1. Given (1) surrounded by 10 or more Cβ atoms within 10 Å (Cβ to Cβ); (2) modelled with pLDDT under 85; (3) farther than 22 Å from Tyr104 by Cβ, where does Val37 come up short, assuming only one miss?
2. Among the residues that make up region 42-56, is at least one of them over 30 Å from Lys147 (Cβ atoms), at pLDDT 85 or above, among the aliphatic types (A, V, I, L, M) and open to solvent by less than 60 Å² (accessible area, probe 1.4 Å)?
Amino acid sequence: GVVLASVNELDFAWSALLSACLANCFAAVRGNENKKVMETEGLKDRLGSVGNQFCITSILGFLMSIPFMLLREGNKFGEFVTAFKTVPALRSNMIASALWFYGYNELSTMTLKKTNAVTASVANTAKRVIVIVGVALVLGESLDFMKLLGCGIGIGGVFLYSVIDNIVKPKAKAE
């Protein structure tokens with residue numbers, strides 16, 4: 001649904017879509033691994049809170065991404081450092097973006113502790129649909145048929161996930 005809602009954009013970049021899909025796959029893996037760590041006896045006591053666990057996984061993720069960043073964008077790093085030092089808007093926007101992103105993802109990890117990885121993934125899809133519709137409304141963009149269809153599929157999928165247990169009763173386990 002999200003793909004359909006995004007695909008008709010004039011400046012649509014397939015590489016951005018593929019990168020986002022790959023990022024979603026890694027986010028799902030991270031969610032599953034975080035859930036396993038939360039349920040591991042002894043380890044969760046040593047890590048402390050869910051916030052500490054998220055912090056550790058964020059630092060590890062950052063450290064693992066450094067070689068890829070250097071390989072892909074390393075030749076532009078000096079240019080970036082210069083821009084960061086001389087352009088106040090870049091600096092303040094990057095810091096604000098990083099803080100909001102970290103806060104959102106820490107909250108997401110805390111939510112994962114109360115739910116499961118599939119529920120978190122479905123909620124993430126709902127978030128994307130809401131963002132697409134919200135941005136279209138705020139920016140005054142038209143919601144053409146394809147965008148509405150994609151959003152409808154996304155919202156319908158989230159709704160179906162939330163009510164499926166009431167529609168199809170799970171079978172009782174034999175004793």
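1. The single condition Val37 does not satisfy is (3).
2. From region 42-56, those over 30 Å from Lys147 (Cβ atoms) are 42-56; that's our starting set.
Still in the list and also at pLDDT 85 or above: none.
Checked against the condition, which is being over 30 Å from Lys147 (Cβ atoms), at pLDDT 85 or above, among the aliphatic types (A, V, I, L, M) and open to solvent by less than 60 Å² (accessible area, probe 1.4 Å), region 42-56 yields no hits at all.
The values are calculated or read from the model by the stated rules, or taken from the named source; none is laboratory data. As the structure is a computational prediction, the values presented were derived from the model and not from experiment. Using ideal geometry, Cβ is built from the backbone for each residue, glycine included, and neighbour counts are taken over all protein chains shown. Accessible surface is based on the protein model in full, side chains and every heavy atom, while ligands, DNA and RNA are left aside. Shrake-Rupley method; radii C 1.70, N 1.55, O 1.52, S 1.80 Å.
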